[in-house]
Amino acid sequence: MTFKKICSLDDLWEGEMEAFEVDGQEILLVWPEGGEIQAFQGVCPHQNISLSEGKFDGKTVICRAHLWQFDACSGKSINPTGCELAQYPVKIEDDQVLVSVEGVKPLFATPDLRQA
């Protein structure tokens, strides 16, 4: 598994989210309040809209388009239920945040977006 540096710990604070591109994939990096840094697909599984354009309250990522909500620790959907965000492995080395995208593909609720 190959990890790539996407930012330093100084670029992301607890309670924040930020989008990055790794090997052509949009990655949403979130640091939930009281939790660990997580990396998820950067687009909503509903209509492929960038999640970084939405809101993050420190615990929940909310898509701007239709207000779909995702748990920032697990990527599981809160509203509506039954879908989730693809999650990428993260590791921290020397205050650098590294992510691996190998073998992980974004998940989509709509069949026609799965092939996008």
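The values are calculated or read from the model by the stated rules, or taken from the named source; none is laboratory data. Quick caveat: nothing in here was measured; it's all calculated off a predicted structure. Using ideal geometry, Cβ is built from the backbone for each residue, glycine included, and neighbour counts are taken over all protein chains shown.
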Fill in the blank from the handout: Per the list (1) under 20 Å from residue 7 (Cβ atoms); (2) surrounded by 14 or more Cβ atoms within 10 Å (Cβ to Cβ); (3) among the basic types (Lys, Arg), residue check on residue 91 breaks on (2)
Exercise for the section: Report yes if residue 49 is at negative phi, free of Cβ contacts under 8 Å to residues at least 40 places away in the same chain and among the hydrophobic types (A, V, I, L, M, F, W, C), otherwise no. Expected result: yes
Fill in the blank from the handout: Within the range 72-82, the count of residues that are free of Cβ contacts under 8 Å to residues at least 40 places away in the same chain and crowded, with 17+ Cβ neighbours inside 10 Å comes to 2
Exercise for the section: Within the range 57-71, count every residue that is of a type in the set (Lys, Arg) and surrounded by fewer than 16 Cβ atoms within 10 Å (Cβ to Cβ). Expected result: 1
Exercise for the section: Output the residue which, of all residues in the range 61-92 that are at positive phi and of a type in the set (Gly, Ala, Ser), is modelled with the highest pLDDT. Expected result: 75
Problem - Some residue of the range 98-106 being touching a Cys at 6+ places or on another chain (Cβ under 7 Å) and modelled with pLDDT of 95 or more - result: no
Practice task
Taking the options 42, 34, 15, 54, name whichever one is surrounded by 19 or more Cβ atoms within 10 Å (Cβ to Cβ) and over 17 Å from residue 101 (Cβ atoms).
Solution key: 54
